[in-house]
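One structure below.
The values are calculated or read from the model by the stated rules, or taken from the named source; none is laboratory data. As the structure is a computational prediction, the values presented were derived from the model and not from experiment. With ideal geometry, Cβ positions are generated from the backbone for all residues, glycine too; neighbour counts draw on all protein chains shown. Ligands, DNA and RNA are stripped out before the accessible areas are found, and what is left, the full protein with its side chains, is counted by its heavy atoms. Shrake-Rupley method; radii C 1.70, N 1.55, O 1.52, S 1.80 Å.
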Amino acid sequence: MSEMPTYTLNDGEQLPVIGFGTVGLRGEEGIAAMVSALEAGYRLLDTAVNYENEHEVGEAIRRSGVPRDEVKVTSKIPGRHHGYDEAIRSTHESLERLGIARLDLHLIHWPNPSRDRFVETWEALVDLQRDGLVTSIGVSNFTDAHLRRVIDKTGVTPAVNQIELHPYFPQPEMRRTDADLGIVTESWSPLGKRQAPFAEAPVAEAAAAHGVDPGQVILRWQLQLGCLPIPKSATPSRQRSNLDVFSFELSDEEMAAITGLAKPDGRLFGGDPDTHEEM
Ligand SMILES: NC(=O)c1ccc[n+]([C@@H]2O[C@H](COP(=O)([O-])OP(=O)(O)OC[C@H]3O[C@@H](n4cnc5c(N)ncnc54)[C@H](OP(=O)(O)O)[C@@H]3O)[C@@H](O)[C@H]2O)c1
């Protein structure tokens, strides 16, 4: 595979424009799926304390033979570890489970605003970055208001905001907020997970027109929006096709038609950042 393009973050670091989601990939089967993803060319693996597979992620990197410094690893601090000391401890535990000395990107998984400890948690990430345990720091599921609070308190802008984003929920306002603040938008459930709109006309027609499959159309749409999708697949053929999105381009009309699939209730589950409690 040719060299993967990258996004440059506001801290000067680079991330591949497509990453690999690891939810549900556990045990030996999970390790095998991740090794196969690394062989397919993924160089950004997205895990979290709550996926309970950090050990598997580290093990997959070691077994793949890909040098550690060529793979970016993201993890996330769960709600129950919010707070300054808790977040520092959580990060050390993640590094231990992964078997690595430094995380490439570490995120606050959800803001959990009802507990209101995400600002302290962000202060811990700022210090972890200063101390070299984490290269880049970011957030996930943050709204405009949450972003502004952490920036106002610390003067440090998250490098990344990982949010739900797929054709049924294309998040134009959050994309604009992130862009205005210089934050890269990472898209979780970038295909739409189990409700992926593969059969919707704008997706199916673009797939036929470009001779690609519907998953490739959606991931290409993500890139042309300027987002960083992290598709998950345990299937080697899909892992490969999900990376093979650099040899065609969607027209403005195709882009608009796919974005037009947005639904008012397009969220996958009750994941409203203002009310969701991620423990
Ligand atoms: N920050 C957060 O709060 C948050 C929340 C949710 C997810 N995430 C992250 O985002 C990652 C991706 O999200 P996700 O796993 O929910 O959803 P997704 O990547 O949109 O979809 C994954 C599903 O689509 C299938 N699939 C993958 N490629 C396909 C293709 N080309 N054609 C047809 N089906 C395909 C997979 O099946 P097979 O595996 O059987 O191939 C799997 O069932 C997660 O793994 C996780 O790392 C973060």
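Quick one: in the stretch 211-225, which of the residues that are in contact with a helix residue (DSSP H, G or I) (Cβ under 7 Å, 6 or more places away or on another chain) and either at pLDDT below 95 or not polar (S, T, N, Q) (or both) is nearest to the ligand (Cβ to nearest atom)? Looking at residues that are in contact with a helix residue (DSSP H, G or I) (Cβ under 7 Å, 6 or more places away or on another chain) and either at pLDDT below 95 or not polar (S, T, N, Q) (or both), I get G215. Number of residues in the stretch 49-58 that are open to solvent by less than 10 Å² (accessible area, probe 1.4 Å) and more than 19 Å from I137 (Cβ to Cβ): the value is 2. Looking only at the stretch 239-274, which residues are outside any loop (DSSP other than H, G, I, E, B), within 15 Å of the ligand (Cβ to nearest atom) and surrounded by fewer than 20 Cβ atoms within 10 Å (Cβ to Cβ)? R240, S241 - these are the residues of the stretch 239-274 that are outside any loop (DSSP other than H, G, I, E, B), within 15 Å of the ligand (Cβ to nearest atom) and surrounded by fewer than 20 Cβ atoms within 10 Å (Cβ to Cβ). Within the stretch 132-143, the residues that satisfy the criterion of being more than 17 Å from G79 (Cβ to Cβ) and within 18 Å of the chain's Cα centre (by Cα) are V134, T135, S136, I137.
Give me the residue from the stretch 186-199 that is assigned to a loop (DSSP other than H, G, I, E, B) and open to solvent by less than 10 Å² (accessible area, probe 1.4 Å) and, out of that set, farthest from the ligand (Cβ to nearest atom). Checked the stretch 186-199; the qualifying residue farthest from the ligand (Cβ to nearest atom) is P197. The set of residues from the stretch 215-238 being β-branched (V, I, T) and either within 19 Å of G24 (Cβ to Cβ) or part of a loop (DSSP other than H, G, I, E, B) (or both) comprises I230, T235.
Is one or more of the residues making up the stretch 172-183 in contact with a strand residue (DSSP E or B) (Cβ under 6 Å, 6 or more places away or on another chain), open to solvent by less than 50 Å² (accessible area, probe 1.4 Å) and without any contact (Cβ under 8 Å) to a residue 40 or more places away in the chain? Yes, some residue in the stretch 172-183 is in contact with a strand residue (DSSP E or B) (Cβ under 6 Å, 6 or more places away or on another chain), open to solvent by less than 50 Å² (accessible area, probe 1.4 Å) and without any contact (Cβ under 8 Å) to a residue 40 or more places away in the chain.
Got at least one residue in the stretch 205-214 being assigned to a helix (DSSP H, G or I), open to solvent by less than 20 Å² (accessible area, probe 1.4 Å) and among the aliphatic types (A, V, I, L, M)? Even if it seems obvious, please write down each step before you answer.
Residues of the stretch 205-214 assigned to a helix (DSSP H, G or I): 205-210, 214.
Checking the rest, the ones that are also open to solvent by less than 20 Å² (accessible area, probe 1.4 Å) come to 206-207.
So of that shortlist, the ones also among the aliphatic types (A, V, I, L, M) come out as 206-207.
Scanning the stretch 205-214 turns up at least one residue that is assigned to a helix (DSSP H, G or I), open to solvent by less than 20 Å² (accessible area, probe 1.4 Å) and among the aliphatic types (A, V, I, L, M).
Number of residues in the stretch 106-122 that are in contact with a helix residue (DSSP H, G or I) (Cβ under 9 Å, 6 or more places away or on another chain) and open to solvent by 50 Å² or more (accessible area, probe 1.4 Å): the value is 3.
If you go through the stretch 1-26 and keep only what is open to solvent by 10 Å² or more (accessible area, probe 1.4 Å), of a type in the set (G, A, S) and within 15 Å of the ligand (Cβ to nearest atom), you end up with just G24. The listed residues are P158, P236, P202, and the only one of them that is within 15 Å of the ligand (Cβ to nearest atom) and either in contact with a Gly (Cβ under 8 Å, 6 or more places away or on another chain) or at pLDDT below 95 (or both) turns out to be P158. Taking only pairs six or more apart or across chains, which ones have beta-carbon atoms under 6 Å, a first residue in the stretch 134-147 that is free of Cβ contacts under 8 Å to residues at least 60 places away in the same chain and under 15 Å from E164 (Cβ atoms), and a second residue that is outside any loop (DSSP other than H, G, I, E, B) and open to solvent by less than 10 Å² (accessible area, probe 1.4 Å)? Final answer for the pair search is V139/L107; V139/I108; V139/N161.
Restricting to the stretch 59-105, and then to whatever is in contact with a strand residue (DSSP E or B) (Cβ under 7 Å, 6 or more places away or on another chain) and under 20 Å from A40 (Cβ atoms), can you tell me which residue is surrounded by the most Cβ atoms within 10 Å (Cβ to Cβ)?
Taking the candidates together, the pick is T74.
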